[in-house]
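In what follows, a structure is listed as structure tokens, so that the remarks can point back to it.
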Amino acid sequence: MDVNFSKQGDWTIIAVEGRMDTVSAPEFEKMVQERILQGSNRLIVDFSKLDYISSAGLRSILVAGKNSKAKGGELACCGLQGVVKKVFDVSGFHKLLPIFDSKEDVLNRE
Amino acid sequence: MNYEILLCMRNNLQDLTRLVSEADQFMQSHCLSPRTVYCVNLVLEEVLTNIVKYAFDDASAHEIQLILTIKDSEVIVTCEDAGREFDPLAIPSPEARDSILECEVGGLGIHLVRKTVHSMEYFRDRHKNVLIMTIKKAERQHNSDTP
């Protein structure tokens, strides 16, 4: 899985690409936690190039969401499509995390 | 016509990655739709990860056997391991939460498997767990509630 971090205002945009599975999810979780500890607690995860997510990937998103919220921030998701979006829906994650069509929708919310 | 492959792995994550990749190639070679391949991949990863992480108490290597059968309208996954008895059908679904802070981190894998498969059967046979799961083949356009 490729993970690309960028900044826009006080938001950190995390673009994920490829497979978020049992092997790659723990590394993702570690990378995001480092950013949160450095003070980046407003996060947008862009899933538009993600091909596959399993429960391990969902768990890492949940942990990142909990950790950002505990620091007074938040985690928003965007770009969900196809089966990745279905997996989010059947897991009930669409009720737990704010979901937007695109990162622009998150940024324009303010 | 049915197409079948027997895949074996040891209880570690490197072998799990190899097995999922071999299963993926087998399905691609029989022209299954991307959605069907995703669903089988997901079921394999969730079930095998549970076995690798929780089925064995010692540090020894243990074999896990998998048979993938492609039929006209479905894919059947049969998984056998000699780990501790574990019936995924007996696990309650995780409680729905409205707040991220209340939500438990674990327990999602089996829930996802249940939501993905059409049917699931478990039995214990000569000290082995046997899990048989049927995944309906999906066309490119698919509108059901399953992934």
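The values are calculated or read from the model by the stated rules, or taken from the named source; none is laboratory data. Here the structure is a predicted model, which means the values were calculated and not measured. Ideal geometry is used to build each Cβ from the backbone, glycine not excepted, and the neighbour counts take in all protein chains shown. All accessible areas refer to the heavy atoms of the entire protein, side chains included, with ligands and DNA or RNA removed. Shrake-Rupley method; radii C 1.70, N 1.55, O 1.52, S 1.80 Å.
Structure summary
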read-out: Reachable lysines, given that their alpha-carbon falls under 25 Å from the alpha-carbon of A:Lys71 and they are not under 8 places away in the same chain; value: A:Lys7, A:Lys30, A:Lys95, A:Lys103
read-out: Accessible area (Å², per residue) of chain A, counting only protein heavy atoms and a probe of 1.4 Å; value: 44
read-out: Positive-end extreme of charge dipole, the protein assembly as shown - chosen from B:Ile64, B:Tyr54, B:Gly109 (charges on Cβ); value: B:Gly109
read-out: Förster radius 30 Å - calculated FRET efficiency between B:Glu63 and A:Met31, Cβ distance, rounded to 0.05; value: 0.30
read-out: Environment charge at A:Ile36 (Cβ cut-off 12 Å; Lys +1, Arg +1, Asp -1, Glu -1); value: +3
read-out: Per residue accessible area in Å² of chain B, where ligands, DNA and RNA are left out and the probe is 1.4 Å; value: 54
read-out: Minimum 30 Å² accessible area buried by the other protein chains, the stretch B:109-129 residues, probe 1.4 Å, relative to alone; value: B:Leu112
read-out: Hits among aspartates and glutamates - C-alpha to C-alpha of A:Lys86 under 14 Å, sequence gap 8 or more where chains match; value: A:Asp51, B:Asp145
read-out: Selected from B:Arg84, B:Arg97, B:Arg35 as most flexible by GNM, with chain B as the system and alpha-carbon contacts under 10 Å; value: B:Arg97
read-out: Charge-dipole axis of the protein assembly as shown as Lys and Arg at +1 and Asp and Glu at -1 on Cβ define it, positive-most pick from B:Asn11, A:Ala15, A:Val90; value: A:Ala15
read-out: Cα gyration tensor shape for chain B, rounded if a/c is under 1.5, else prolate or oblate; value: oblate
read-out: For the protein assembly as shown, share of DSSP beta bridges that run antiparallel, in % to the nearest 5; value: 70
read-out: Percent carbon-and-sulfur accessible area, chain B, ignoring ligands, DNA and RNA, probe 1.4 Å; value: 48
read-out: A/B buried area, accessible surface, summed, 1.4 Å probe, Å²; value: 2400
read-out: Solvent-accessible area, 1.4 Å probe, carbon plus sulfur percent, for the stretch A:2-108; value: 44
read-out: Residues along the stretch B:22-56 losing 10 Å² or more of accessible surface when the other protein chains are present rather than the chain by itself (probe 1.4 Å); value: B:Arg35, B:Tyr38, B:Asn41, B:Leu42, B:Glu45, B:Glu46, B:Thr49, B:Lys53
read-out: Lysine pairs within chain B, Cα separation less than 19 Å, 8 or more sequence positions apart or different chains; value: 5
read-out: Of A:Asp46, A:Asp21, A:Asp89, the one that fluctuates the most in a GNM where chain A has Cα springs shorter than 10 Å; value: A:Asp89
read-out: Contour minus Cα-Cα distance for A:Gln38 and A:Lys69 (0.36 nm per residue); value: 9.7 nm
read-out: Length released on extending from B:Gln14 to B:Leu89, taking residue separation times 0.36 nm less the Cα-Cα span; value: 24.3 nm
